[in-house]
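The structure appears below as structure tokens.
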Amino acid sequence: TARVLRRGPCAPRRGCRGASFGEASSVPLGGLEPRAVPLPGGDRRTGGSKPSGWKKLTNAELDAWGTDPAVRGHAYSRPSYEPYKTSVINEHGLGMQPPDGWAVQLVSAAGMKGKGGHSNQDAFSYTVLENGWLFCVACDGHGQQGEVVSERVARMLPLFLSRHIEDSSPDDALRTAFALTQKDLELGFRTAQAYSGAAVAMFAVQLERREAWFAHAGDTRVVLGDLASGTPVFITEEHKAHEPGEHRRLRAAGAKIVERRYDCGEVVSRIFVPRTGVPGLAMSRSLGDGCLKPYGVTSEPEINNVSGLWAESESPVAVLGSDGLWDSIDVEETISLLAARRQAGLDVEQGIEALCRRAQRLWIEAEGDYCDDVTVLLVAPKSSLSRRQD
């Protein structure tokens, strides 16, 4: 993600998350790579050896897992390269077919990032296991190979989670899945993940028990809304370097943090390898971004058990989105628009693509020559999407 869209008279000037931020803070962005930035384990960016016994799973092996008897259905996105075009979805088993009584809608569209075309660096996946767990993953890649990292993360997270969700608590299983996915990047995509990464949001729900969990790292967010009231019930927070807890961890690890504060209260922060001027990461947690792992940028997710809130909501819905959505349409408006469709008797699932296209229009209106990639995912009981008859 290169820019952030803000509406209102006190908005940061255009490009506050792009190269102009570096100019404003006297720290250069882009064009340079430090020659000897250590990655976890003490190896250099292009050096190091893999541990014995470790094997990188190929795409064919991942596809085979999608047809495993323990997996009822699995689907994942492939990046589009044409501006505003939605990503192709590869399906295995029952694919995107939702379980009985549930609705799932998945949309990701490429943005417009200058001449020559750029791939959609967002990615998503959807998985239903025979044991009753459903997983949705939304990723927002960044860096020159962000699409490589985001797709790998979207595919590996559900696989690792499926291996641990029955043998440990959901909290432990989610932490383990994120840690193993980060290790997979470090060992199998060493060069790609050194200066590229992905913000990640994950929703996991046990369909029979309605046990619902959120896990996220970075500025890709997941929201629990109630379509009966049209209001958000729980919202994950973005992980930014200027947040006190994140700031302390990064400083203790020796990261270089540059902040810019605006008169309206807006704060924009970037994270750098000390004495290098790169990479200028806009979030304090992510998967990948190997050059910053020694400096406090962690892949550890923030995990929230929202089962109680889910049960208390009359018409619960989970919406996952990349910042291409949330930087143009805020959480309250997103849930309100979906609730309005429900109230009017319109197809709420189709409202997910409508949100994606609305976000694109707002980017174009505000930026002209720039539109971020936009991903929007919805998971909900079918009953949540239809207005009850009195």
Exercise. Is there a residue in segment 293-302 that is of a type in the set (A, V, I, L, M, F, W, C) and part of a helix (DSSP H, G or I)?
Worked result: no
Exercise. List the pairs whose first member sits in segment 299-321 and is under 14 Å from L174 (Cβ atoms) and open to solvent by 10 Å² or more (accessible area, probe 1.4 Å), whose second member is among the acidic types (D, E) and assigned to a helix (DSSP H, G or I), and whose Cβ atoms are under 7 Å apart, counting only residues at least 6 apart or on separate chains?
Worked result: I303/D171
For this session: Please give the number of the condition R387 fails out of (1) in contact with a helix residue (DSSP H, G or I) (Cβ under 6 Å, 6 or more places away or on another chain); (2) of a type outside the set (S, T, Y); (3) at pLDDT 95 or above.
Result: (3)
For this session: For S169, indicate whether it is free of Cβ contacts under 8 Å to residues at least 24 places away in the same chain, of a type in the set (S, T, N, Q) and farther than 28 Å from T334 by Cα.
Result: yes
Seminar exercise, completed: Here, strands (runs of 3 or more DSSP E) confined to segment 223-284 with at least 2 residues that are under 18 Å from the mean Cα position of the chain (by Cα) are 231-235
Exercise. Which residues, taken from segment 113-135, are farther than 26 Å from L338 by Cα and either assigned to a loop (DSSP other than H, G, I, E, B) or open to solvent by 40 Å² or more (accessible area, probe 1.4 Å) (or both)?
Worked result: K113, G114, K115, G116, G117, H118, S119, E130, N131, G132
Exercise. So, in segment 126-146, of the ones that are under 15 Å from the mean Cα position of the chain (by Cα) and among the hydrophobic types (A, V, I, L, M, F, W, C), which residue ends up farthest from S87 (Cα to Cα)?
Worked result: F135
Seminar exercise, completed: Within segment 79-103, the residues that are part of a strand (DSSP E or B), open to solvent by 10 Å² or more (accessible area, probe 1.4 Å) and closer than 17 Å to C356 by Cβ are T86, V88, I89
Exercise. Applying the selection to segment 250-260, what residues are touching a strand residue (DSSP E or B) at 6+ places or on another chain (Cβ under 8 Å) and open to solvent by 70 Å² or more (accessible area, probe 1.4 Å)?
Worked result: R251, K256, R260
Exercise. Does segment 153-169 hold any residues that are charged (D, E, K, R) and closer than 16 Å to A201 by Cβ, and which are they?
Worked result: R155
Exercise. Taking the stated definitions as given, is A138 in contact (Cβ under 8 Å) with a residue 60 or more places away in the chain, open to solvent by less than 10 Å² (accessible area, probe 1.4 Å), farther than 23 Å from W102 by Cα and not in a helix (DSSP H, G or I)?
Worked result: no
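The values are calculated or read from the model by the stated rules, or taken from the named source; none is laboratory data. Just so it is clear, the structure is predicted and the values come from calculations on it, not from any experiment. A quick note on method: Cβ atoms are made from the backbone with ideal geometry, for glycine too, and the neighbour counts reach across all protein chains shown. All accessible areas refer to the heavy atoms of the entire protein, side chains included, with ligands and DNA or RNA removed. Shrake-Rupley method; radii C 1.70, N 1.55, O 1.52, S 1.80 Å.
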